[in-house]
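Asks: Below you will find the structure I want to go over with you.
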Amino acid sequence: MEPVQISLAVVVVLVLIALAFDFMNGFHDAANAIATIVSTRVLKPHQAVVLAAVFNFVAVFVFQLKVAATVGKGIIDPSVVDHYVVFGALIGGISWNVITWWYGIPSSSSHALIGGLVGAAVAKAGVWALIAPGLLKTLAFIVISPLLGFVLAAFFLVIVSWLFARSTPARVDKWFRRTQLVTCSLYSLGHGGNDAQKTVGIIWMLLIDAGLTGASESVPPWVVIACYLTIALGTAFGGWRIVKTMGQRITKLRPYNAVCAEIAGSTTLFLATGLGIPVSTTHTITGAIVGVGSVQSVSAVRWGIAGKLVLAWVLTIPCSAFIAAVAWWLGRHFL
């Protein structure tokens, strides 16, 4: 299909909106990366966000752009992409992020963007515009990522409890407070590696549609650097409304079980990013936190809070898709 002629001004505006989403992604999801280390008082909030932001950006040198390829070419048919679809997808994702941030709900920025893509594409061309394999594996990981985080975190906590059974609480606390600096960094690396690439994919599809790069060409380096830098800046500003929910309202965290949750979460994110699957960092770390809490005691997990989070997750894709469809219609008729 021949590239649709889009003015450079429109491309610039949409790139800026995409970077605004990227910034908000970091801002909204900062709690996922720092909630555990702040709640255990290993680092102060401002120290934690700086650590997380640095490793969000360092991820640009670690991961291949497999997630960007999935988002840019594997969720919706590239032939239906135009600037109205990109506009609708971004507005859907941003709107849902603002709504959930305002109410302190740790929803998924990733799935808000996927929902936005789906809603805008279906509004334009119907369900045939969706690419089933890419969409289905993304939907599957809505369940798989928190479940894997849960299982791994529970497994690691059992191993840690066995290894340190004869150690004094003070010694255990001292050792794991230091270890948590490493595990929090790893989780932030995974967060940056998976989440920044989603915005890379959006801008990439826009540039292809505008004829500014070829479908067979690699992503322009400036896009990659800009997206990783922007999400790092968003993380540095942080989303403090969500930290308390993630850090202590689900279950009580100590350095030793926070380390287990972070190792489980980072392992899941590294795996998904290597497979090119856009996953939710929110779902992943929440599953891990519930996992360590349930090993201690079923009653240690505040299941009512966890249930509300699950409800928010279920609503994310359909709600962002609906907003995106409306935004696509408004853009098509008034812009």
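The values are calculated or read from the model by the stated rules, or taken from the named source; none is laboratory data. Keep in mind that what you see is a predicted model, and the values were worked out from it rather than measured. We place every Cβ from the backbone using ideal geometry, glycine too, and count neighbours over all the protein chains shown. The area values use the complete protein model at the heavy-atom level, side chains included, leaving out ligands, DNA and RNA. Shrake-Rupley method; radii C 1.70, N 1.55, O 1.52, S 1.80 Å.
Asks: At q = 0.09, 0.10 Å⁻¹, what log₁₀ I(q)/I(0) does the range 115-254 have when each alpha carbon counts as one equal point scatterer in the Debye sum?
Replies: Cα-only, vacuum Debye calculation for the range 115-254: -0.47, -0.57.
Asks: In Å, the Kirkwood hydrodynamic radius of the chain over pairs of distinct alpha carbons?
Replies: Its Kirkwood hydrodynamic radius stands at 19.7 Å.
Asks: Still on this structure: In whole percent, and with a 1.4 Å probe on the protein chains, what portion of the accessible area of the chain is carbon and sulfur?
Replies: On the way: 9990 of 13790 Å².
Roughly 72 percent, rounded to a whole number.
Asks: Place +1 on the Cβ of every Lys and Arg and -1 on the Cβ of every Asp and Glu in the chain, take the dipole about the Cα centre, and give the residue among PRO255, ALA123, PRO45 whose Cα lies farthest towards its positive end.
Replies: Of the listed residues, the answer is PRO255.
Asks: Taking the mean number of other Cβ atoms within 10 Å as a proxy for protection, how do you rank 204-210, 58-64, 109-115 from highest to lowest?
Replies: 109-115, 204-210, 58-64
Asks: Run the helix sum for the chain: -39,500 (n - 2.57) per DSSP H stretch of 4+ residues, divided by residue count, reported at 222 nm to the nearest 500 deg cm²/dmol.
Replies: Rounded to the nearest 500, the figure is -26500 deg cm²/dmol.
Asks: Indicate the gyration tensor shape class of the range 69-153 (rounded, prolate or oblate), computed on the Cα atoms with a ≥ b ≥ c the square roots of the eigenvalues: a/c under 1.5 is rounded; otherwise a/b larger than b/c is prolate and the rest oblate.
Replies: Oblate, since a/c reaches 1.5 and b/c is not below a/b.
Asks: For the chain, with the dipole built from +1 on Lys and Arg beta-carbon atoms and -1 on Asp and Glu ones, taken about the Cα centre, which of THR36, ILE99, ALA170 lies farthest toward the positive end?
Replies: It is ALA170.
Asks: Springs between alpha-carbon atoms under 10 Å, Gaussian network over the chain: tell me which of GLY276, GLY134, GLY72 tops the mean-square fluctuations.
Replies: Sorting by GNM fluctuation, first place goes to GLY134.
Asks: Could you run the Karplus curve 6.51 cos²θ - 1.76 cosθ + 1.60 with θ = phi - 60° over the range 126-134 and give me ³J(HN,Hα) per residue in whole Hz, x for Gly and Pro?
Replies: x, 5, 5, 6, 7, 9, 4, x, x
Asks: So what's the angle, to the nearest 10 degrees on a 0 to 90 scale, between helix 8-39 and the longest Cα principal axis of the chain?
Replies: Result, in degrees: 10.
Asks: Once you have the Cα-Cα distance between VAL151 and VAL310, take 0.36 nm times their residue separation minus that, and quote the gain in nm to one decimal. Display every interim value, and only then the final one.
Replies: On the way: separation 159, 0.36 × 159 = 57.24 nm, distance 1.72 nm.
Result: 55.5 nm gained on full extension.
Asks: Can you find, among SER188, ILE231, PRO221, the residue sitting farthest towards the positive end of the charge dipole of the chain, where Lys and Arg contribute +1 and Asp and Glu -1 at Cβ?
Replies: Of the listed residues, the answer is SER188.
Asks: What relative contact order, as a whole-number percentage, does the chain give when Cα pairs under 8 Å and 6 or more residues apart are counted?
Replies: The value is 39 percent.
Asks: How much accessible area per residue does the range 159-203 have, counting only protein heavy atoms and a probe of 1.4 Å, in square angstrom?
Replies: 48
Asks: What dipole magnitude, in Debye to the nearest 20, does the range 149-294 give about its Cα centre under +1 on Lys/Arg Cβ and -1 on Asp/Glu Cβ?
Replies: Working: 11 positive and 5 negative charges, 198 e Å.
Computed about the Cα centre, the dipole is about 940 debye.
Asks: If you don't mind, another one. With charges set only on the Cβ (+1 for Lys and Arg, -1 for Asp and Glu), what does the dipole of the chain come to about its Cα centre, in debye to the nearest 20?
Replies: For the chain, the charge dipole is close to 1500 debye.
Asks: Measure off 7 Å from each Cα along the Cα-to-Cβ vector at GLN64 and TRP222, then give the distance between these two points in nanometres to one decimal.
Replies: It is 2.7 nm.
Asks: Any chance you could list the semi-axes, whole Å, largest first, of the equivalent ellipsoid that the Cα gyration tensor gives for the range 2-107, using √(5λ)?
Replies: 32, 17, 13
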